[in-house]
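Only one structure is covered here, and it is reproduced in the block below.
The values are calculated or read from the model by the stated rules, or taken from the named source; none is laboratory data. All values reported here derive from a predicted model rather than from experimental measurement. Cβ coordinates were reconstructed from backbone atoms using ideal geometry, including for glycine residues, and neighbour counts include every protein chain displayed. These area figures cover heavy atoms from the full protein model, side chains too; ligands, DNA and RNA do not enter into them. Shrake-Rupley method; radii C 1.70, N 1.55, O 1.52, S 1.80 Å.
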Amino acid sequence: MHCYDPYAWLEKSLTTIHRADWYRAVKTIAGRPGAKIILDGHEVINFASNDYLGLAGDERLIAAAIAATQEYGTGSTGSRLLSGHRKLHRDLEIAIASLKETEDAVVFSSGYLANLGTITALVGTRDLILSDQYNHSSLKNGAKLSGANVIEYSHCNVTELKTHLVEQRQLYRRCLIITDSVFSMDGDLCPLPELFELATEFSCMLLLDEAHATGVLGERGSGCVEHFGYSGKNIIQVGTLSKALGSLGGYVAGSNLLIDFLRNRAPGWIYTTGLSPADTAAALTAIKILQQEPERRTNLWNNINFLKEIIVKQIISQQTSSKQIATSEQPNLKLLPSNSPILCFQLPNSSTALKLGQQLIDKGIFAPAIRPPTVPTSRIRISVMATHELSQIQKLTTILKNIL
Ligand SMILES: *Cc1c(COP(=O)(O)O)cnc(C)c1O
């Protein structure tokens, strides 16, 4: 047999990625997270963070993490079933269940793992998954890994979803509908009332990924379920401790039966080490702050609405009035529909998005270009924080306008 380097394809593959302007590299930031950060040595206003409430750099979370480390050490030393857990772990789960108004909750090592672990535990080869086309990678890969038959429906298209259910539901044992609640790369919301109605009509389980909604949506900051008035309904709520809660880890909240089952059957929970004491304590403190300081959410929504308003006033209306022809040098900005802190400007291609992203950084604004394969169309993604000052938001739109 002719011998060749079995790794040679790697370089070729990377070259292809470069050519398509799909190449990614990590940027280094210094100091604490916040509305202003030091990126590769330069101060920038940060519109690239999921730390919606500004808690990741909060003194109280830091103090809680230090205290927990001093009391319990750095590591959890093993899986919780095998090595035991701290009272802190259980306290966090009870706090999550109370925030979500569910019977119980279980904490995973990450939101990604919570989705993989839950989906694979709930369905298998005899079952059907219906999945929104724009779902997060963790939902899609969880679905694949489960071995269930997966059908993707067009983004938020409940008519199409219903057609699939009518045609397919009776051919399978269990059926699970999975969706982001706030879509992570678009910022719009899933049609929860319609999804819940279909799930009930066709005896399907419904799993909602509240990663970007927890701490952000709803009167109490509980998420999209609360926003739509669906608290108390039997919905599987997955989420992360790493976004508005400023820590690290994931969770599933739902009925006692569901959580008890997951503790016994979710390999992504059983065979992995428990959350570190520091992360656990920080998340627990974040939930308390979320409940005690609703003004953080008020600030966040004021900022979101302010940004939307000036984008329309200063950028969108100007483009329309000047009837400017869009070119790749001077793209017209289209704001994607959003009901969350995530606002996206759609752009014609990857290279335009990359160029605009870099121009923004040069002017002191950090708002990343999101490109395929993460999303079908390239865009600049802006995430608003409660701790942004109005002047910082104004600076973003002024600079965007000047670049264009
Ligand atoms: C970020 C995110 C996750 C993953 O959460 P991690 O805790 O960061 O692993 C899962 N789902 C959605 C929709 C997300 O945006």
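Going by the structure shown, is THR285 part of a helix (DSSP H, G or I) and within 16 Å of the ligand (Cβ to nearest atom)?
No, not satisfied.
Does at least one position in the range 251-269 carry a residue that is closer than 28 Å to GLY187 by Cβ and polar (S, T, N, Q)?
No: zero hits.
What number of residues within the range 116-134 satisfy the criterion of being hydrophobic (A, V, I, L, M, F, W, C), under 21 Å from PRO191 (Cβ atoms) and within 16 Å of the ligand (Cβ to nearest atom)?
Residues that pass the stated criteria total 2.
Every residue in the range 376-404 that is β-branched (Val, Ile, Thr) and either surrounded by fewer than 19 Cβ atoms within 10 Å (Cβ to Cβ) or over 21 Å from the mean Cα position of the chain (by Cα) (or both), please.
Residues satisfying the conditions are THR377, ILE393, THR397, THR398, ILE399, ILE403.
Whether any residue in the range 161-177 is away from the ligand (no atom under 11 Å from the Cβ), within 28 Å of ALA48 (Cβ to Cβ), open to solvent by 30 Å² or more (accessible area, probe 1.4 Å) and assigned by TED's automatic domain parsing to the domain that holds ILE236 is what I want to check.
No - not one qualifying residue is present in the range 161-177.
Do we find a residue being on the phi < 0 side of the Ramachandran plot, of a type in the set (S, T, N, Q) and not in a helix (DSSP H, G or I) anywhere in the range 163-172?
no
For the range 182-202, which positions are out of contact with any Pro (no Cβ under 9 Å at 6 or more places or on another chain), of a type in the set (A, V, I, L, M, F, W, C) and open to solvent by less than 30 Å² (accessible area, probe 1.4 Å)?
Selection gives PHE183, LEU189, CYS190, LEU192, LEU195, LEU198, ALA199.
State which residue is farthest from the ligand (Cβ to nearest atom) when the search covers only the range 186-196 and only residues that are out of contact with any Phe, Trp or Tyr (no Cβ under 7 Å at 6 or more places or on another chain) and at negative phi.
If we take residues in the range 186-196 being out of contact with any Phe, Trp or Tyr (no Cβ under 7 Å at 6 or more places or on another chain) and at negative phi, then GLU194 is farthest from the ligand (Cβ to nearest atom).
Which one is nearest to the ligand (Cβ to nearest atom) among residues in the range 197-223 that are out of contact with any strand residue (DSSP E or B) (no Cβ under 6 Å at 6 or more places or on another chain) and part of a helix (DSSP H, G or I)?
It comes out as LEU198.
When the range 247-267 is examined, which residues are found to be open to solvent by 60 Å² or more (accessible area, probe 1.4 Å) and either at pLDDT below 95 or over 23 Å from ALA64 (Cβ atoms) (or both)?
ASN256, LEU257, ASP260, PHE261, ASN264, ARG265, PRO267
What single numbered condition from (1) under 17 Å from the mean Cα position of the chain (by Cα); (2) more than 14 Å from the ligand (Cβ to nearest atom); (3) hydroxyl-bearing (Ser, Thr, Tyr) fails to hold for SER109?
Every condition holds for SER109 apart from (2).
Kindly provide the set of residues from the range 135-147 that are within 10 Å of the ligand (Cβ to nearest atom) and not in a helix (DSSP H, G or I), ordered by number.
ASN135, HIS136
I'm trying to understand the selection: among the residues of the range 120-134, which are open to solvent by less than 10 Å² (accessible area, probe 1.4 Å) and in a loop (DSSP other than H, G, I, E, B)?
VAL123, ASP127 - these are the residues of the range 120-134 that are open to solvent by less than 10 Å² (accessible area, probe 1.4 Å) and in a loop (DSSP other than H, G, I, E, B).
Please specify each residue of the range 350-370 satisfying the condition of being surrounded by 16 or more Cβ atoms within 10 Å (Cβ to Cβ) and either at pLDDT below 90 or hydroxyl-bearing (Ser, Thr, Tyr) (or both).
SER350, THR352, listed by residue number.
Could you list, in sequence order, the residues of the range 234-263 that are more than 16 Å from the ligand (Cβ to nearest atom) and more than 12 Å from GLU103 (Cβ to Cβ)?
Passing the criteria: PHE261, LEU262, ARG263.
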